[in-house]
Amino acid sequence: TGEGVDRLRAAIVGVLDASPSPPDTGFRMWVDRAFRPSGAGLVVTGTVLEGSVGEGDRILVLPSGTAATVRGIQHHGETTERGVAGSRTAINLSGSPDDIERGDLLAGSDTVAVTTRLLARMVPARSFESIPDRGAFHLHVGTRSTPVTIRRVRATDAFVVSLDEAAPVAIGDRLILRDSGRRAVVGGGAVLDPHPVARPHADSVATLESG
């Protein structure tokens, strides 16, 4: 009936107004869609993960590393000066590659690691007692998905994850592990190290977790 919607909307706005501003970290946004509307060039959409971006900013498209320039920004169909963390954002880019697609990352600098091998702490999904040793695994991080193989670091909940395709990640990024054979999410966790040593051990995992 719509009864109470105005009060609900006011309550949500009140919570948002009272929330602290996100820290001014480097800009990152996972692309969930890319298209070319008539006369507008390339437009990509996503939710800003960190930091903010404004018209005229130079950004990187990862994992390719190609530079692009922000021509314009919209938020829910309205032009805005900046896209900020947590907001749904459409960005009109110039100088960007034609093959930008879902799963690419827009970043404000080159501090994001592009890697094919990472160390992550993972816990099993509720329907599993432990992460399976074998399976046809896919890793999901941001809007990106790629086949992977995994190897547990002995006596820890950490895994060395080898990716079939390079992915741009940062320490702390959340991830999901899915087994396409079982058609199930088998676990999830967070990135501990985008470029781990050849054979990490329990002590090095403990150091990363405490840091």
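Classification of the stretch 30-102 by its C-alpha gyration tensor yields a rounded form. The axis ratio a/c (a ≥ b ≥ c) stays under 1.5.
Using the Cβ-Cβ distance between H76 and A11 with R0 set to 22 Å, the FRET efficiency works out to roughly 0.65. Here each label is just a point 7 Å from Cα along the line to Cβ, and for A190 and S38 those points are 4.8 nm apart.
Using only side-chain charges placed at the Cβ, +1 for Lys and Arg and -1 for Asp and Glu, the dipole size of the stretch 1-116 relative to its Cα centre rounds to 120 debye. Ranking P132, S210, I150 by how far each Cα lies toward the positive end of the dipole of the chain (charges on Cβ) leaves P132 at the top.
Under the simplified labelling scheme, the T45-T111 pair shows an inter-label distance of 3.0 nm, with each label point 7 Å from Cα along Cα→Cβ. Using the Cβ-Cβ distance between S130 and I176 with R0 set to 22 Å, the FRET efficiency from 1/(1 + (r/R0)^6) comes to roughly 0.85. Dipole of the stretch 31-114 (Lys/Arg Cβ +1, Asp/Glu Cβ -1, origin at the Cα centre): which of S94, H76, V31 lies farthest to the positive side? Positive-end residue among those listed: H76.
Rounded to the nearest 20, the size of the Cβ-charge dipole of the chain about its Cα centre is 640 debye, with Lys and Arg at +1 and Asp and Glu at -1.
Taken about its Cα centre, the stretch 142-192 carries a charge dipole of roughly 200 debye when the Cβ of each Lys and Arg holds +1 and the Cβ of each Asp and Glu holds -1.
For D173, the residues whose amide H sits under 5 Å from its own are V191, ignoring neighbours fewer than 5 places away on the same chain, with H placed 1.01 Å from N. Where only DSSP H runs of four or more residues are counted, the chain gives -3500 deg cm²/dmol as its mean residue ellipticity at 222 nm, each run worth -39500 (n - 2.57).
Specify whether the C-alpha gyration tensor of the stretch 101-193 places it in the rounded, prolate or oblate class, a ≥ b ≥ c being the square roots of the eigenvalues: rounded for a/c under 1.5, otherwise prolate if a/b is larger than b/c and oblate if not. It comes out prolate by the Cα gyration axes.
Rule-based calculations on the coordinates, nothing more; no lab input. Everything numeric here is computed off the predicted structure, so don't read it as measured data. Note that we place each Cβ from the backbone using ideal geometry, even for glycine, and neighbour counts take in every protein chain shown.
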